[in-house]
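The values are calculated or read from the model by the stated rules, or taken from the named source; none is laboratory data. Source: prediction; values computed, not measured. Please note: Cβ atoms are built from the backbone with ideal geometry, for glycine as well, and neighbour counts cover all protein chains shown. Remember, those area values only see protein heavy atoms, side chains included, never the ligands or the DNA or RNA. Shrake-Rupley method; radii C 1.70, N 1.55, O 1.52, S 1.80 Å.
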Amino acid sequence: MTSPAGKRLRLLGSVLSVLVLLAGLAFAWFYAQLRDSLPQLDGSAALAGLGAPVTVTRDALGVPLIKAATRGDVARALGYLHAQDRFFQMDLLRRRGAGELSELFGKLALPLDRATRRHGFRALAQKVLAGLAPADRDLLTRYTAGVNAGLGALPKKPFEYFVLRLAPAPWKPEDSLLIIYAMTLDLQDSTGSYELSLATLRDQLGTAGVAFFAPVSTPGDAALDGTTAPLAPIPPASIIDLRTPAKVARGAPLRSTQLFATDDPREPDLLPGSNNFALSGAHTATGAALLANDPHLDLGVPNIWYRASLEWQGPVAGRITGVTLPGLPFVVIGSNGHIAWGLTDAYADTSDLVTIDVNAIDHSLYKLPGRTDLLEIEKRPDVIRVKGGNPVSVEYPWTAWGPLIATDGKGRPLAFHWVAYDPAATNFEFIRLETAQTAAEAVAIAHRSGMPAHNFVVADSSGAVAWTIIGKLPQRVGFDGRLPTSWTFGDRRWEGLLPPDQVPAVIAPASGRVWTANNRIVGGAALALLGDGGYATPPRAAQIRDDLAALEKATPHDLLGIQLDDRALFLERWQQLLLTVLTPEAVAGHPKRAELRQVAGHWGAVASIDSAGYRLVRGLRLHATDLALSPIFASCVEQMPGFESARFHTEDALWTILQEKPAHLLDPKYSSWDALLLAAADATIADIDKEGISLAKATWGRRNTARIMHPFGRMLPAWLGGWLNMPANPLAGDTNMPRVQTPTFGPSMRLAVSPGREAEGLFQMSGGQSGHPLSPYYRAGHANWVHGTPGPLLPGPAVHTLILNP
């Protein structure tokens, strides 16, 4: 006779068996859906609208070579491949530009959509589309047809839509323009925070504080024209004296209409940016110019870039290889056999905060130059659709200059005037680079191109190199644009966009060397045209400049070596300062301080994954910066909670303070500046103690470990999310050196090539070609990127062949 306990155990076993079976069936169903959404790699497929068959071969990394009869057929085929390999990524980018992510992710994305909708980019994209040159609009129409055909040809919809329980929306021609606006939002300041922070610094510490703590030019700048500037004097005690009781911040609290907060994992020194540099033929092994580019972006899965080589016949035949951005019908960075080009964020000033003079009685009315009547602040309504919830109505106040986004220290409204709002600032002139023959021709195309402002570096097969700005800039009159100002009287204004013939350029420099690293590139009148959008500090650019100066008879491998340069030249004086501070008296009775001195004394001066000393020296600098500058900027933070001193060039100011040791700038809690530095050293030790390891084991690789994640990496169970993400490799490199690297940010790809010698070109990319986790190309090539191992730029031998037929 079976006991009750035995019956219960058998029942429990049966239930568990059923649950396991159901789980297995569910997994098998999900796997089948996942497998059936893989793209077709071999055989033939129909693609309506082609003028002739198109051949698509893929190599061992999944990199396609598209061969077609015409450029229009190439566009259609590229759209087909983008959709099959990366449609969900394209969908996210267009929705980011339009402020429509809530339709996929519900209330989670609502704060971001609220902030984005203010700009009205969906309506603006439609306007830009209508104004495109007929040939460009036709190319975009063909690309769009290819995208929708590729999406429709998948046996099952991309797997992300199964998880979201949604159907993918068809692609529209205007969506490709939204891709450009998404990149604009990522690369430019869409909230005016840099200008607001400068204004707050001016309000609290005066012009002397701005000159010292936030200079545009510094003594160590690495501009192409060699311009530098001495550091301004330390502000006197009459302006700021930390020894006196704290004073109330001057002016009213600065309010921003930014409606969301983000958890930004970036490092304090880090701004979105890139490296881009070139050598003329006089300094290369072949006589052809050499170019290298490594765009630094947020790292995710899949990679933002999609590699491709494109070939077409016809009156204007072409062959081009490089990286495309899914959603756009052209190569963004690459080489066409005659020229090779690359891009870095220019940090030119493409926006201004306009102080609005409102009526004293009715604040909904404001003055406009040239008008005797008052204008009413426009209210622009919109509706955000939210998955799983009711639509959300929003409304944004707009003026003739743009949306109201904040108030200044006197409580006056500030309007955001941005080049991106001008339809004339966006076009597809960039496509002409595909058939450009010389560096000079490419510079002329760059000046006509409408896109977010970038440093454009080009090298040609004859050996010439050049730099200029690609993208549109404002033409300011009466002011420099660095601080908010009133435009009411018409003496300060924009006169449209800067004419192409006035855009600064450096063509065929005598040195034969060109470099950009998001730093200030030019000074004087040229700088006045570009303005200050928050340039990167100069150490990275200076290291690249000096690396280039040492090269003769260079090859692509030499330029890759510069991209991988992780020497910590910037921190050398900080390492010496740490050893100086840790005197025998300071370490006596403090074994951890003694260990810190020993480990830092053998740091190796590189940001290698096995260096503990590098991590400790770096930690000292970060803590010293915080302890020294936070009290100085406290009144600024009080006035503006989102105050961003990290974007200022404070390094020279900080170092001068630490050397001169002014008593009026020392936080009263410390008896001396040496005591402050010892506190920074102790804080560095405390950081490591929290990990429960010795200082000697606190390597940089342990801290700088990759977190390169799929959008679902945090949403799904850990076992599944981990399967979608890239491996958690320790990563060499850091900020303030050519090899920029953090766990979530760094070189999205590395390219080095001489135009006309593409077979010798080198390429690396984080992640793989495919956005599908079952594809063999999901992670293919990622290990080369992690370890800096060279790979070929051109696609290798064909492994798969697909014929697209009309």
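Tell me which strands (runs of 3 or more DSSP E) are completely within the range 297-370 and hold 3 or more residues being over 19 Å from Leu414 (Cβ atoms), or say none if there are none.
Details: elements: 306-312, 318-324, 331-335, 339-345, 351-355.
Strands (runs of 3 or more DSSP E) meeting the threshold: 306-312, 318-324, 331-335, 339-345.
Looking at this structure, is Ala167 closer than 21 Å to Gly389 by Cβ, in a loop (DSSP other than H, G, I, E, B), free of Cβ contacts under 8 Å to residues at least 40 places away in the same chain and not basic (Lys, Arg)?
Answer is yes for this residue.
Mind counting the residues in the range 665-685 that are within 22 Å of Ala634 (Cα to Cα) and either part of a loop (DSSP other than H, G, I, E, B) or open to solvent by 40 Å² or more (accessible area, probe 1.4 Å) (or both)?
8
In a strand (DSSP E or B) and open to solvent by 10 Å² or more (accessible area, probe 1.4 Å), is that true of Thr789? Working first, answer last.
Numbers: in a strand (DSSP E or B): no; open to solvent by 10 Å² or more (accessible area, probe 1.4 Å): yes.
It is false that Thr789 is in a strand (DSSP E or B) and open to solvent by 10 Å² or more (accessible area, probe 1.4 Å).
For the range 231-246, indicate whether the set of residues that are of a type in the set (Gly, Ala, Ser), modelled with pLDDT of 95 or more, surrounded by 17 or more Cβ atoms within 10 Å (Cβ to Cβ) and within 25 Å of the chain's Cα centre (by Cα) is non-empty.
no
Please determine, by comparing only the residues of the range 380-399 that are part of a loop (DSSP other than H, G, I, E, B) and free of Cβ contacts under 8 Å to residues at least 60 places away in the same chain, which one is most open to solvent (accessible area, probe 1.4 Å).
The extreme case among them is Asn390.
Could you grab me the full set of residues in the range 260-287 that are surrounded by 16 or more Cβ atoms within 10 Å (Cβ to Cβ) and modelled with pLDDT under 95?
Answer for the range 260-287, where residues must be surrounded by 16 or more Cβ atoms within 10 Å (Cβ to Cβ) and modelled with pLDDT under 95: Glu267, Asp269, Leu270, Leu271, Pro272, Gly273, Ser274.
Suppose we filter the range 217-230 for residues that are touching a helix residue (DSSP H, G or I) at 6+ places or on another chain (Cβ under 7 Å), under 20 Å from Trp655 (Cβ atoms) and open to solvent by less than 50 Å² (accessible area, probe 1.4 Å); how many remain?
3
Filter the range 162-187 down to residues that are at pLDDT below 95 and touching a Pro at 6+ places or on another chain (Cβ under 8 Å) and give me whichever is least open to solvent (accessible area, probe 1.4 Å).
Among them, the one singled out is Leu187.
How many residues does the range 686-725 hold that are exposed (fewer than 14 other Cβ atoms within 10 Å of the Cβ) and either outside any helix (DSSP H, G or I) or at pLDDT below 95 (or both)?
The number of residues fulfilling the criteria is 10.
Among the listed residues Leu108, Leu140, which satisfies the condition of being open to solvent by less than 30 Å² (accessible area, probe 1.4 Å) and in a helix (DSSP H, G or I)?
Result: Leu140 is the single residue among Leu108, Leu140 that is open to solvent by less than 30 Å² (accessible area, probe 1.4 Å) and in a helix (DSSP H, G or I).
Name the residue, out of Leu365, Leu328, that is under 30 Å from Gly99 (Cβ atoms) and touching a residue at least 60 places away in the same chain (Cβ under 8 Å). Working first, answer last.
Values: Leu365 fails: touching a residue at least 60 places away in the same chain (Cβ under 8 Å).
Step by step, each of Leu365, Leu328 is checked, and only Leu328 is under 30 Å from Gly99 (Cβ atoms) and touching a residue at least 60 places away in the same chain (Cβ under 8 Å).
Taking the range 400-418 as the search range and keeping residues that are in a loop (DSSP other than H, G, I, E, B) and of a type outside the set (Gly, Ala, Ser), which one is nearest to the chain's Cα centre (by Cα)?
The residue in question is Trp401.
Taking into account only those residues within the range 148-158 that are farther than 14 Å from Leu104 by Cβ and touching a Leu at 6+ places or on another chain (Cβ under 9 Å), which is surrounded by the most Cβ atoms within 10 Å (Cβ to Cβ)?
Step by step, filter the range 148-158, then rank; the result is Gly150.
Give the residue, chosen from Ala732, Ala728, that is among the hydrophobic types (A, V, I, L, M, F, W, C), without any contact (Cβ under 8 Å) to a residue 60 or more places away in the chain and either in contact with a Cys (Cβ under 9 Å, 6 or more places away or on another chain) or not in a helix (DSSP H, G or I) (or both).
Checking each option against the conditions leaves just Ala728.
So how many residues does the range 639-670 have that are farther than 28 Å from Glu195 by Cβ and among the aliphatic types (A, V, I, L, M)?
Final tally of qualifying residues: 3.
Residue pairs, Cβ under 6 Å, 6 or more apart or interchain, first in the range 512-529 and on the phi > 0 side of the Ramachandran plot, second not β-branched (Val, Ile, Thr). List them.
Close Cβ pairs (under 6 Å, with a partner that is not β-branched (Val, Ile, Thr)) amount to Gly512/Ser280; Gly512/Ala282; Gly512/His283; Asn518/Gly273; Asn518/Asp345; Asn518/Tyr347; Asn518/Ala536.
When only residues in the range 419-457 that are of a type in the set (Asp, Glu) and either buried (at least 24 other Cβ atoms within 10 Å of the Cβ) or outside any loop (DSSP other than H, G, I, E, B) (or both) count, which is farthest from the chain's Cα centre (by Cα)?
Looking at residues that are of a type in the set (Asp, Glu) and either buried (at least 24 other Cβ atoms within 10 Å of the Cβ) or outside any loop (DSSP other than H, G, I, E, B) (or both), I get Glu441.
Go through the range 651-664 and give me each residue that's out of contact with any Leu (no Cβ under 8 Å at 6 or more places or on another chain) and either in a helix (DSSP H, G or I) or over 26 Å from Ala214 (Cα atoms) (or both).
Of the residues in the range 651-664, the ones out of contact with any Leu (no Cβ under 8 Å at 6 or more places or on another chain) are 651, 655, 659-663.
Passing the criteria: Glu651, Trp655, Gln659, Glu660, Ala663.
Quick check: anything in the range 376-394 at pLDDT below 95 and basic (Lys, Arg)?
No, the conditions are met nowhere in the range 376-394.
What pairs can you find where one residue is in the range 781-796 and at positive phi, the other is outside any strand (DSSP E or B), and their Cβ atoms are less than 6 Å apart, with a gap of 6+ or different chains?
Going by the 6 Å Cβ cut-off, the qualifying pairs are Gly781/Leu61; Gly781/Gly768; Gly788/Leu564.
Conditions tested, residue by residue: (1) of a type outside the set (A, V, I, L, M, F, W, C); (2) surrounded by fewer than 23 Cβ atoms within 10 Å (Cβ to Cβ).
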| residue | (1), (2) |
| --- | --- |
| Leu325 | no, no |
| Ser335 | yes, no |
| Trp341 | no, no |
| Val354 | no, no |
| Val358 | no, yes |
| Asp362 | yes, yes |
| Asp373 | yes, yes |
| Ile377 | no, yes |
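Output yes when any residue across the range 602-613 is on the phi < 0 side of the Ramachandran plot, open to solvent by 20 Å² or more (accessible area, probe 1.4 Å) and part of a helix (DSSP H, G or I), and no when none is.
There is no residue in the range 602-613 that is on the phi < 0 side of the Ramachandran plot, open to solvent by 20 Å² or more (accessible area, probe 1.4 Å) and part of a helix (DSSP H, G or I).
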